[in-house]
1. Scan region 232-247 and give yes if some residue there is open to solvent by less than 10 Å² (accessible area, probe 1.4 Å) and out of contact with any Phe, Trp or Tyr (no Cβ under 7 Å at 6 or more places or on another chain), otherwise no.
2. For residue 42, only one of the following conditions fails: (1) open to solvent by 30 Å² or more (accessible area, probe 1.4 Å); (2) at pLDDT 90 or above; (3) not polar (S, T, N, Q). What is its number?
3. List the number of the failed condition for residue 193; all other conditions in (1) basic (Lys, Arg); (2) part of a helix (DSSP H, G or I); (3) more than 18 Å from residue 279 (Cα to Cα) hold.
4. For region 162-195, give me each residue that is in contact with a strand residue (DSSP E or B) (Cβ under 8 Å, 6 or more places away or on another chain) and either under 18 Å from residue 151 (Cβ atoms) or open to solvent by 40 Å² or more (accessible area, probe 1.4 Å) (or both).
5. If you scan region 196-210, which residues turn out to be within 15 Å of residue 61 (Cβ to Cβ) and open to solvent by 20 Å² or more (accessible area, probe 1.4 Å)?
Amino acid sequence: AAPAAAPAAAPAAAPAAALGSGQAEQDVYLASSSWRDSGRFKAMMKPTDTWNKRSWLEARRSAAWERVEQLCGIDRHECARRDVYQFGVYLGDSMALLSERMPQRRIPFRRMWGFDSFAGLPSEETSAPSSGLYAKRRRSGDYQTGHYNAADALGIYSANQLKARLSAKVNDTRVHWVTGFFNESLTPQLARKMAPALLVDADADLYSSTVQSLGWMCSHRLLVRGTVIYYDDWAAGGPHGQQRAHAEIASAFNVSFEQIPVTATTVSGRLADRVAVFEVRETPWSRRYRFTDVLRQGY
């Protein structure tokens, strides 16, 4: 099946490729964007004593990590067979924190995949209404073409050099990178390298990027029972962003989800209603995994 509403194509991207430890890859040049000249970009690059980025990233994701930790406490062997997926890498901060926290929480996994154009957000035109939060953000806010361009932020325009910098930051030999806008990089050939998902961190902001990435995963049976999905921009895009993508994927692929509560004790104050966490309950292709059955029986 295909997602219910196919988004418009993204602009041409660098050739899709996965870079693993000791694996050579043809280098490509990464494009710059006008976002680096904006006041918002300059403000984001300034260090601040009042904004602890690591604590902020961890607070947003703690409900997802706690759910994965709970599942892996029941069946570590099953978790160790699965992969972690990060859609939207930018500067690699959340992946670096994830790589640090997973061992501390005794969460095993096979590989970690980071997907990004490394040239900022794609252009997006959708059938969403012309008014509302999502449309405003696409016109003048965070969702303009080229925003969150890692090449600009780090001043590195060689794809290989940029990913070497990110690999050093994440510091995990299990990390692999995939370059390109998702409509070009997410191929059937790439899916053959993957294992079913333990955790999916959906941080690519846009409706189109979210529906493309999750649609690819469903098409290749990488979302299975017990997969935990974290949406970083659930409220930011309103009903026309990640919320729309999630609903369309559930309908198009007949996947049922259980929403995991994100409470004030997990994500402080105003962040509690800005993110969302779901666990895959059933898919047409999943075999029954013991740890999800045991968990729901009150383990």
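The values are calculated or read from the model by the stated rules, or taken from the named source; none is laboratory data. Just so we're clear, the structure is a prediction, and the values are computed from it rather than from any experiment. As a convention, Cβ positions derive from the backbone with ideal geometry for all residues, glycine included, and neighbour counts pool all protein chains shown. Please note that ligands, DNA and RNA were not included when accessible areas were found on the heavy atoms of the full protein model with its side chains. Shrake-Rupley method; radii C 1.70, N 1.55, O 1.52, S 1.80 Å.
1. No, region 232-247 contains no residue that is open to solvent by less than 10 Å² (accessible area, probe 1.4 Å) and out of contact with any Phe, Trp or Tyr (no Cβ under 7 Å at 6 or more places or on another chain).
2. (2)
3. The one condition residue 193 does not meet is (2).
4. 163, 166, 167, 170, 174, 177, 178, 179, 182, 185, 193 - these are the residues of region 162-195 that are in contact with a strand residue (DSSP E or B) (Cβ under 8 Å, 6 or more places away or on another chain) and either under 18 Å from residue 151 (Cβ atoms) or open to solvent by 40 Å² or more (accessible area, probe 1.4 Å) (or both).
5. 203
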